[in-house]
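Peer 1: What follows is a structure written as structure tokens; I'll ask about it next.
The values are calculated or read from the model by the stated rules, or taken from the named source; none is laboratory data. Given the structure is predicted, the values throughout are model-derived calculations rather than measurements. Cβ atoms come from the backbone with ideal geometry, glycine included; neighbour counts cover every protein chain shown. Note: areas computed on protein heavy atoms with side chains; ligands, DNA, RNA excluded. Shrake-Rupley method; radii C 1.70, N 1.55, O 1.52, S 1.80 Å.
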Amino acid sequence: RQMRSVAQAMSYNAATGLYIYRPENINGNYTANASLRLGFTPKEKPFSCVVNPSANYYHSVDLISPDGIQDAQRSVVNNITASLNVRPQYTKGKITAFLQGNLDYNYATSQRPGYHTRSTFDIHYTFSFTAKEFWKGLTAGTELTMYHRRGYDDHSMNDNHLLWNANLSRSFGKDKAWTLKLVGYDLLHQFSNVQRTLNAQGLTETWVNSLPAYAMLHVIYKFNKRNKSQAQ
């Protein structure tokens, strides 16, 4: 239990139009969680699987100004979340492939005036494939992830995005110390610089000053240096 969390309070002077922001201690934040991890790896078999269910309860207390003019008021939001992660994997020789499914459910309630109860789902599933040195020393990998969001009051957040990443690399030189690696991220141009998500209290909007989709060539050099005792 966090008895002395710090919240950002705001007060507004209507006569001068001046906003004053100040950190204030606020009590009442606490969390509870439970999780389970199950792994299945049959002997001498290329298949394995991991199942990870979890549940969380978060009693969130903060200070907010509903209309940006009123002084900061105490806001209490109760969040119940449940998650399930399932990942079967196949590994044999130079080939590794896996499927991964994630389901996240969030139920949030509050007595705060104007607060709308939230019941949202975030679902994404991934297919990943890697082939090591499959042809003339080349290693290739690709990853496809489909994202779904449902149940949000802001209908623009009930969206679907397909993320495709791929890479191609080759090591060379003595002890294969040098590696050239070409990486392509978000090849389908599905993601934006502006990300809208929900935290424990409500909606947040984040602007990221970076390229969502890009290609990059990496030049990597690896070396090992032994100390004198190891050399002897």
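Peer 1: Amide H neighbours of SER65 under 5 Å, at least 5 residues apart or on other chains, H built in the peptide plane: list them.
Peer 2: Answer set, sorted by chain and number: GLN73.
Peer 1: A further question follows. What accessible surface, in Å², does a 1.4 Å probe find on TYR214, ignoring ligands, DNA and RNA and rounding to the nearest 10?
Peer 2: 90
Peer 1: Per 0.36 nm of contour for each residue apart, how much would the distance between THR16 and LEU188 grow if the chain were fully extended, relative to their Cα-Cα spacing?
Peer 2: Values: separation 172, 0.36 × 172 = 61.92 nm, distance 5.00 nm.
Gain on stretching THR16 to LEU188: 56.9 nm.
Peer 1: Once phi is turned into ³J(HN,Hα) by the Karplus curve 6.51 cos²θ - 1.76 cosθ + 1.60 with θ = phi - 60°, what whole-Hz value does each residue of the stretch 94-111 show in order, with x for glycine and proline?
Peer 2: Here the 3J(HN,Hα) series is 8, 10, 10, 9, 8, 10, 9, x, 10, 10, 10, 10, 10, 10, 10, 10, 7, 8 Hz.
Peer 1: Using only the alpha carbons, work out the radius of gyration and Dmax of the stretch 96-219 in angstrom.
Peer 2: Cα radius of gyration and Dmax of the stretch 96-219 are 19.6, 68 Å respectively.
Peer 1: With a Förster radius of 30 Å, plug the Cβ-Cβ distance of ASN209 and SER156 into 1/(1 + (r/R0)^6) and report the FRET value to the nearest 0.05.
Peer 2: Working: r = 22 Å, r/R0 = 0.72.
The pair ASN209/SER156 has a calculated efficiency of 0.90.
Peer 1: For the stretch 24-155, what class follows from the C-alpha gyration tensor (a ≥ b ≥ c being the square roots of its eigenvalues): rounded when a/c is under 1.5, otherwise prolate if a/b is larger than b/c, else oblate? Walk me through the intermediate numbers first.
Peer 2: Values: a/c = 3.28, a/b = 2.43, b/c = 1.35.
Note, shape of the stretch 24-155 comes out prolate.
Peer 1: Efficiency by 1/(1 + (r/R0)^6): what FRET value for LYS225 and PHE129, r their Cβ-Cβ distance, R0 = 35 Å, to the nearest 0.05? Walk me through the numbers before you get to the answer.
Peer 2: Details: r = 35 Å, r/R0 = 1.00.
E(calc), rounded to 0.05, equals 0.50.
Peer 1: If ARG112, ARG74 are ordered by their accessible area, calculated over protein heavy atoms with a 1.4 Å probe, which sequence runs from highest to lowest? Working shown, then result.
Peer 2: On the way: ARG112 60, ARG74 140 Å².
Descending order: ARG74, ARG112.
Peer 1: Given the Cα-Cα distance of ASN27 and TYR90 and 0.36 nm per residue of separation, how much length would full extension add, in nm? Walk me through the numbers before you get to the answer.
Peer 2: Details: separation 63, 0.36 × 63 = 22.68 nm, distance 4.83 nm.
Between ASN27 and TYR90, full extension yields 17.9 nm more.
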